[in-house]
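The values are calculated or read from the model by the stated rules, or taken from the named source; none is laboratory data. Note that the structure is predicted; figures quoted are calculated from it, not measured. Here Cβ is always computed from backbone atoms with ideal geometry, including for glycine, and neighbour counts include all displayed protein chains. Surface areas here come from the heavy atoms of the whole protein model, side chains and all, with no ligands, DNA or RNA. Shrake-Rupley method; radii C 1.70, N 1.55, O 1.52, S 1.80 Å.
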Amino acid sequence: MKSTKILKSYNELSSTVANIVEEQITKNPLTKLALPTGSTPLGLYDELVKRKLDWSLVITFNLDVYLMNVKHPQSYQTYMRKNLFEKTNIYPDHSHFPFRPFSAFEDKIEKSMGIDLCILGIGSNGHIAFNEPGSSFDSRTRVVELSEQTIEDNSRFFDSIDDVPKQAITMGLGTIMESKKIVLMVNGDHKLNILNVAMNGEVTEDVPASILQNHENVEVYYCE
Ligand code: F6R
C-alpha cells in the first residue's frame, strides 16, 4: 500500500512536484524524464518555467500521444511545445514522443540508461498514460483504442466529442514500471475514489494504476 501525501491546494501540488523535478535535474543534469499532458501538470510546467532551470542536457520522453495531426492545437506535441519546451532551453532533439517503430522508441529509452523520474496523472477510469483498463502489466509502447470514458473526459479539450481521437500511442505499463522513480499527481476530489481503489485495492489489470503498488519508489500527491 502506498501512502498519499495530501496537499492543501493545486499550487502546492504543482510546486511540490516542481521541487522534485528541480532537485532531480540539479543532482543529475543528464536526467531522463517521462512527462504527462492533460490538465493536472499545467501548474507544474508553469512553475518549472518560472524557475529557469538548465534543461540543456535533460532528455524527455512523453508518455503518450493521440493518433492525430501533430500540428493540431490539441495534439500533445503542441501542448508540450507551448507549455514547456519553447519556454526552456531544452534541445529539440532531446524531447521524444512515442513513435514508430515502437521498438526503436523503447531502444531510445534503454540506450539513454532508462527513465530517472516519471511523472504521471491518473484517468478517472484508473488509466496511467493511455494504458486503459485491461492493459497488460507487461505492455510496452503500442497503439491503443481509447475507452469511451477517456474520450468523454477529454472531450472538454475539443469542440465536440466527435473530434476526440479514438486511438493513441502510449508507453506501456511495463515500460513505465522500469522508471527509477515515479511521482503520481492527482488533482480534484472527483479522482479520490479511483485513487483509493488504485492504491489500496487489489492489484489488477482492470485498474492500471494499481500496478504502482508494486513499484519500490513511488510518491503520490493529491489535492482536492
Ligand atoms: C496524458 C496522460 C493521462 C492523463 C490522465 C489525467 O499524457 O498520461 O494519463 O494524465 O488522463 O488527465 P487530466 O490531468 O487531464 O485529468
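For the range 1-15, which positions are out of contact with any Gly (no Cβ under 8 Å at 6 or more places or on another chain), of a type in the set (Ser, Thr, Tyr) and under 16 Å from residue 195 (Cβ atoms)?
Within the range 1-15, 3, 4 meet the criteria.
Could you tell me which residue of the range 71-98 is nearest to the chain's Cα centre (by Cα), considering only residues that are closer than 19 Å to residue 158 by Cβ and surrounded by fewer than 14 Cβ atoms within 10 Å (Cβ to Cβ)?
In the first step, residues of the range 71-98 are kept if they are closer than 19 Å to residue 158 by Cβ; the result is 71-83.
If we keep only those that are surrounded by fewer than 14 Cβ atoms within 10 Å (Cβ to Cβ) too, we end up with 71, 73, 82.
Numbers: 71: 20, 73: 19, 82: 17 Å.
Of everything passing the filter in the range 71-98, 82 is nearest to the chain's Cα centre (by Cα).
Keeping to the range 116-146, report how many residues are closer than 19 Å to residue 188 by Cβ and either without any contact (Cβ under 8 Å) to a residue 40 or more places away in the chain or not aliphatic (A, V, I, L, M) (or both).
The total comes to 6.
Just name the residue that is nearest to the ligand (Cβ to nearest atom) out of those in the range 5-17 that are in contact with a helix residue (DSSP H, G or I) (Cβ under 9 Å, 6 or more places away or on another chain) and open to solvent by 50 Å² or more (accessible area, probe 1.4 Å).
The extreme case among them is 10.
Residue by residue through the range 18-44, note down the ones that are open to solvent by less than 20 Å² (accessible area, probe 1.4 Å), away from the ligand (no atom under 12 Å from the Cβ) and in a helix (DSSP H, G or I).
Listed by number, the residues that qualify are 18, 21, 25.
With 169, 128, 151, 109 as the choices, which residue is more than 9 Å from the ligand (Cβ to nearest atom), touching a Pro at 6+ places or on another chain (Cβ under 8 Å) and modelled with pLDDT of 95 or more?
169
When residue 60 is evaluated against the numbered criteria (1) more than 15 Å from residue 35 (Cβ to Cβ); (2) in contact with a Phe, Trp or Tyr (Cβ under 9 Å, 6 or more places away or on another chain), which criterion, by number, is the only one it fails?
Answer for residue 60: the failing condition is (1).
Answer yes or no: is there a residue in the range 159-167 that is of a type in the set (Asp, Glu) and within 30 Å of residue 59 (Cα to Cα). Before you say what the answer is, go through the steps one by one.
In the first step, residues of the range 159-167 are kept if they are of a type in the set (Asp, Glu); the result is 159, 162-163.
With within 30 Å of residue 59 (Cα to Cα) added as a condition, the list becomes none.
Within the range 159-167, not a single residue is of a type in the set (Asp, Glu) and within 30 Å of residue 59 (Cα to Cα).
Give all pairs with beta carbons closer than 6 Å in which a residue from the range 187-215 that is part of a helix (DSSP H, G or I) meets a residue that is open to solvent by 30 Å² or more (accessible area, probe 1.4 Å) and of a type in the set (Asp, Glu); count only pairs at least 6 apart in sequence or on separate chains.
Pairs that qualify, where the first residue is part of a helix (DSSP H, G or I) and the partner is open to solvent by 30 Å² or more (accessible area, probe 1.4 Å) and of a type in the set (Asp, Glu), are 189/224.
Regarding residue 68, is this residue within 16 Å of the ligand (Cβ to nearest atom), part of a helix (DSSP H, G or I), open to solvent by less than 60 Å² (accessible area, probe 1.4 Å) and not charged (D, E, K, R)?
On the way: within 16 Å of the ligand (Cβ to nearest atom): yes; part of a helix (DSSP H, G or I): no; open to solvent by less than 60 Å² (accessible area, probe 1.4 Å): yes; not charged (D, E, K, R): yes.
Here the answer is no, as residue 68 does not meet what is asked.
Is it true that some residue in the range 99-119 is within 15 Å of residue 177 (Cα to Cα) and open to solvent by 50 Å² or more (accessible area, probe 1.4 Å)?
yes
May I ask you to list the residues in the range 183-224 that are of a type outside the set (A, V, I, L, M, F, W, C) and open to solvent by 70 Å² or more (accessible area, probe 1.4 Å)?
Result: 189, 190, 193, 196, 200, 202, 205, 206, 214, 216, 224.
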